[in-house]
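Read the structure below first, then the notes.
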Amino acid sequence: MRPQTTEDPLRTAGARPALCGRGLTKRYGEQYALAGVDIEIEAGEALAIVGPSGSGKTTLLHVLAGILRADSGEIELAGQRIDRLNETRRAELRRTEFGFVFQSGMLVAELSAEENVALPLLLGGQARRSALATAREWLGKLGLAGKESRRPGELSGGEAQRAAIARSLAHQPKVIFADEPTGALDTRTGRDTMDALLGAAAETGAAVVIVTHDRELADSVPRRVAIRDGRIDTGVSAA
Ligand SMILES: Nc1ncnc2c1ncn2[C@@H]1O[C@H](COP(=O)(O)OP(=O)(O)O)[C@@H](O)[C@H]1O
Ligand SMILES: [Mg+2]
């Protein structure tokens, strides 16, 4: 067994970020969506990426998560370079190491809430019975006990987002990426959903990266990084 002392450099908080991007650029035609971004995400931390519409937030999230390939720059996950992986390996990484919450759920309309949450587990090879049991457990933690067999259309917007949060966490990813996760919700429901996301991520020890243009929501997250015109805006991110 590894000794769990504070001297162990790999276990010292901050010694090795969960996810690290360096010099990331991404261009669409002549325009840079990312113009050289450096960002470090510590294991288990919650971070909001804020900035106006079109500033590059979604592009940064997609590049960090291996959905998009950057034109240049490096990405490390727990010290391993992941920016040069082929599409098959990136897809595997997205399924095993990352969780995703999008603006409007992206739940499969034909499946029940518990089947939606179980889906990533089934894709990862878990047996149906245990995948569904895990799914029900997560739905319960997110306040959806009794609604496991409802389809997404039979859930409210906030409930559907909590089901999406359960789905993003059930395989215990290292990092959750949430792109405007409350964008389709009213203010009150949005705040509750954000609390549910932060609470559930903290429980598993997953880091969570939340993209939002809503400054007030961002203020509920412990750390904020501002982005403007594809660059980190240091004037604001110090807040
Ligand atoms: N697929 C694409 N093709 C062309 N331009 C794009 C594409 N995706 C994003 N962009 C451009 O890149 C910039 C950053 O976009 P995005 O990352 O979506 O910003 P945000 O999420 O902050 O609103 C914008 O100017 C946008 O128009
Ligand atoms: Mg966006």
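Quick check: pseudo-label points 7 Å beyond the Cα along Cα→Cβ at Gln31 and Glu216, how many nm apart are they?
With each label point 7 Å from Cα toward Cβ, the separation is 2.9 nm.
Could you give the alpha-carbon Rg of the range 49-113 over 2.2 N^0.38 Å, rounded to two decimals?
Against the compact-globule rule of thumb, the ratio is 1.29.
Any number yet on Rg/Rh for the chain, C-alpha, Kirkwood?
Answer for the chain: 0.97.
Please list the equivalent ellipsoid semi-axes of the range 106-239, computed as the square roots of five times the alpha-carbon gyration tensor eigenvalues, in descending order and whole angstrom.
They are 29, 16, 12 Å, listed from largest to smallest.
Please identify which residues in the range 21-65 have an amide N closer than 13 Å to a label point set 7 Å out from the Cα of Asp71, following the Cα→Cβ vector.
Inside the label zone: 24-37.
Looking only at the chain, where both bridge partners belong to it, what percent of the DSSP beta bridges are antiparallel (to the nearest 5)?
50 percent
For the range 159-225, go through all pairs of different Cα atoms, get the mean of 1/r, take its inverse, and jot down that Kirkwood value in Å.
This gives a value of 11.9 Å.
Can you give the helix-only mean residue ellipticity at 222 nm for the chain, where every DSSP H stretch with n ≥ 4 adds -39500 (n - 2.57) and the sum goes over all residues, rounded to the nearest 500 deg cm²/dmol?
-10000 deg cm²/dmol
Each reported figure results from applying straightforward, stated rules to the coordinates on display, with no laboratory input. Owing to the predicted nature of the structure, the values given are computational and were not obtained by experimental measurement. Methodologically, a virtual Cβ is constructed for each residue, glycine included, from the backbone with ideal geometry; neighbour enumeration extends over all protein chains shown.
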